[in-house]
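Undergrad: Please find one structure pasted underneath; my questions will follow.
The values are calculated or read from the model by the stated rules, or taken from the named source; none is laboratory data. Bear in mind that the values here come from a model prediction, so they are computed numbers and not experimental data. Cβ atoms come from the backbone with ideal geometry, glycine included; neighbour counts cover every protein chain shown.
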Amino acid sequence: MTLAFMTGSIAFLSNTSAGIETVVGFGIRAALATLAAFVVLGLAVPLAYMRLEARRFRPEDPVPDHSPETNEAAEARERSRLVPPLLLLTRRWQLVLVVAVAVTAVTGFYATRLEATFDVKDFFKEDSDFVVGLDKVEEHFKDTGGELAIIYVRGDLTDPEALAGLDDFRERLAADSNLAKNDYGEAAIQARPWFVLLDHVMDSEYARAQVELTSGVSLGPAGGMSQYANKNYRWPQSQDQLKAIYDYVAVNGVPQSPAQNIYDHLEVGETLFHDPSSRQENATTLILGVTGTRDQGRVIESRETLTAAVESLADAPGISFAGLTGSPYTRQAALDATTNGLQRALPIALAACLVLVVLAMRSVRFGLVTIVPIGLVVAWLYAFMHGFGFGLNFITATIAAVSIGVGIDYSVHFTERFRQELGITGDRERAMRRAVAGTGVALVSSAATSIIGFVIMAFAPMPMFASYGVLTAVMIFLAAAAALLVLPSLLYMVTPAKTEAA
């Protein structure tokens, strides 16, 4: 039990290498829960039971016989209906291992195709008002709305060539099929862009007069123009004129009259950052709509195309930096980091558990075969998720971590029982029979009760809890199957038919 506790804790703590707060927190809490269970069920309960038993007997009473069970008692347990089929498979261990390798090869292929997903239907009921509302938005505004992608640009935006480069970049985005379009086939801009701000200044006689009065720079006629949504937007072609406008609107906003502002300075700050002292570079954003982002494949595709376009923008005159962000891409980055973190945690858990088991058992061969079923369970589970339409998200990603902790416990219990019986009998066949009849039946009972508990979660109204319950129940079943079907064959393979009994 101590070895099972230590290996399970190591398996859970290996998730702290993921670097993702959710996964790290899960690993630490699971290890603490394992410690609490060990203290209560491994120490406190046996001690309390021993104390109660001690009170039942007086000092002069004979000591009960707790010698190992007789052959008759062992044979009685071996009559369980579960024992004969498991022993039959163990005797044909070569066939079992060939089948296990073949199944794992196939499932491993599909496991690698499991993709990270993030759909609201994974977390809320399909008929909830929230999901239905999103479906309606997707249906009616699919091509004109979308989730926001933010292109952040920094540089000397008083340089007319920088603004011209920005405008050329915006026009080229019309060819990107992942972006929402307006009625004129252009990439739909979802928030006030820089050229609208400048056009309001150029179009307002009062604003022009205030800028000229404050700066002493005559704005004159517009020298540049942006065309968007069948409308022309004017902006100055002189660097001094642009700086004069920025200096004024960053502090005072864009006035329409002495009593009314078109935009106040806070609203200007949403479009343009400008430091009147010129100690910091200007910055602006271009906010676009990305369609179909409930499909993570579409998010990845749009990220690739927009990243390539943004990299070309960074080479424009006056632009020192251009970057892509927005909720679709931060979400995808988090999913990628979770997936990569778990992929990194799995070999760490396997290696750490292997070292501990080898040292505790003082046997490399028994340590290796005890660890093997864990890798099988992960491959089988991910293939099941791929086959039945489950995606890898922040909830389901923790199932792999749980499978390591549960799988190693089952394997350790069975291997230790087999070694114990092998030391008593010195016969591989009899040791396996007793291990299956004792620990094997107990593992089946433990797995069955756990599966029943998690299957009940499948009826939860929220899909994320239902999915977690179903996948955890499947994981426990697979872990028990690996421990009872594959592990005995591995133990049979590495153990001589006859050994020296203790």
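Undergrad: Given the condition without any contact (Cβ under 8 Å) to a residue 12 or more places away in the chain and in a helix (DSSP H, G or I), answer yes or no: does some residue in segment 401-418 qualify?
TA: To start, the set of residues in segment 401-418 that are without any contact (Cβ under 8 Å) to a residue 12 or more places away in the chain comprises none.
So far as segment 401-418 goes, no, none of its residues is without any contact (Cβ under 8 Å) to a residue 12 or more places away in the chain and in a helix (DSSP H, G or I).
Undergrad: If you scan segment 188-206, which residues turn out to be in contact with an Asp or Glu (Cβ under 8 Å, 6 or more places away or on another chain) and assigned to a helix (DSSP H, G or I)?
TA: Residue satisfying the conditions is PHE195 alone.
Undergrad: If a residue has to be under 16 Å from ALA149 (Cβ atoms), among the charged types (D, E, K, R) and touching an Asp or Glu at 6+ places or on another chain (Cβ under 9 Å) to count, how many in segment 263-300 make the cut?
TA: Qualifying residue count for the region: 2.
Undergrad: Any idea how many residues of segment 268-280 are in contact (Cβ under 8 Å) with a residue 24 or more places away in the chain and more than 15 Å from ALA244 (Cα to Cα)?
TA: Qualifying residue count, segment 268-280: 2.
Undergrad: Looking at segment 251-293, which of its residues are in contact with a strand residue (DSSP E or B) (Cβ under 7 Å, 6 or more places away or on another chain) and among the hydrophobic types (A, V, I, L, M, F, W, C)?
TA: VAL254, ILE262, VAL268, LEU272, PHE273, ALA283, LEU286, ILE287, LEU288, VAL290
Undergrad: Continuing with the same structure: Would a scan of segment 179-190 turn up a residue that is at pLDDT 90 or above, surrounded by fewer than 21 Cβ atoms within 10 Å (Cβ to Cβ) and over 30 Å from GLN296 (Cα atoms)?
TA: Checking segment 179-190: not a single residue is at pLDDT 90 or above, surrounded by fewer than 21 Cβ atoms within 10 Å (Cβ to Cβ) and over 30 Å from GLN296 (Cα atoms).
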